[in-house]
């Protein structure tokens, strides 16, 4: 799963740009990864592996297929949004104008199979944030590919996501997630009705990442990238990361931790997570990068 994330004041992350198409759906933002560093782990009980495997994980052992995106490279481009996002944020594309608050789009092979593994991301609905109404809208390839591809070709994003190139590069990445079993849901982040970021919400305990850290059942991961340059560098990344982490913990009662693995070199992204209430847990060596494992604990939510 490719990921890159950015900070509240200068973050570079995985973000989709909304393009043309016929699906009606909402939008989101992205982050990074690492590898096994068991010697670096503290005996702190918060990082102790729960050895009781969830039923869905046991079931997956029988049908598990290697994922084409076994490496993560996310980047968050953190910034405070302009209340009136420019055209680069995209408000409607394709053969007809799209309403990004509309989550009633008909099911199709081009929308994510978000079953029970993530408790229906598409149904989470909008939330109120300090920067306006925000909603995660599952990606529709027909509609969103041009926008996401444009974001992926931004040098600040491609440095960590490594998905620059023609549309088929981005399309392959999106389709590999949409064709999966619902362990990852790619979304556009829609702020005040305009798509401005790309997100991937995923089951970290069922992801290849779980091979590299002491995963717990229902750990939920976040990858994020801010799309439009005008939205970067002003703290927006931290604000939205905090809001989405709260949203995950609110909508997923079985989840006790939200995790992320930004590239260790992406200082703005790591800073954005810290500012959003995540704690630095360890350095991990992932297949495509050395990452900072960031954790947001449900038990500490009331204190943040």
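Computed from the coordinates by the stated procedures, all read-outs in this text should not be read as laboratory data. Small disclaimer: the values here were computed from a predicted structure and weren't measured. Glycine gets a Cβ as well: all are built from the backbone with ideal geometry, and neighbour counts include every protein chain shown.
Structure data summary
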item: Cα gyration tensor shape for segment 175-301, rounded if a/c is under 1.5, else prolate or oblate; result: rounded
item: Compactness of segment 153-214, expressed as Rg and Dmax over alpha-carbon positions, Å; result: 13.5, 38
item: For segment 118-161, alpha-carbon Rg over 2.2 N^0.38 Å; result: 1.47
item: Overall form of segment 139-186 per C-alpha gyration tensor (a/c, 1.5; a/b vs b/c); result: prolate
item: Span from the segment 226-304 Cα centroid across to the segment 180-203 one, whole angstrom; result: 15 Å
item: Neighbour-count ranking [beta-carbon atoms within 10 angstrom, fewest first] of 247, 264, 147, 224; result: 264, 247, 147, 224
item: Three-way shape label, segment 235-282, alpha-carbon gyration tensor, a/c 1.5; result: oblate
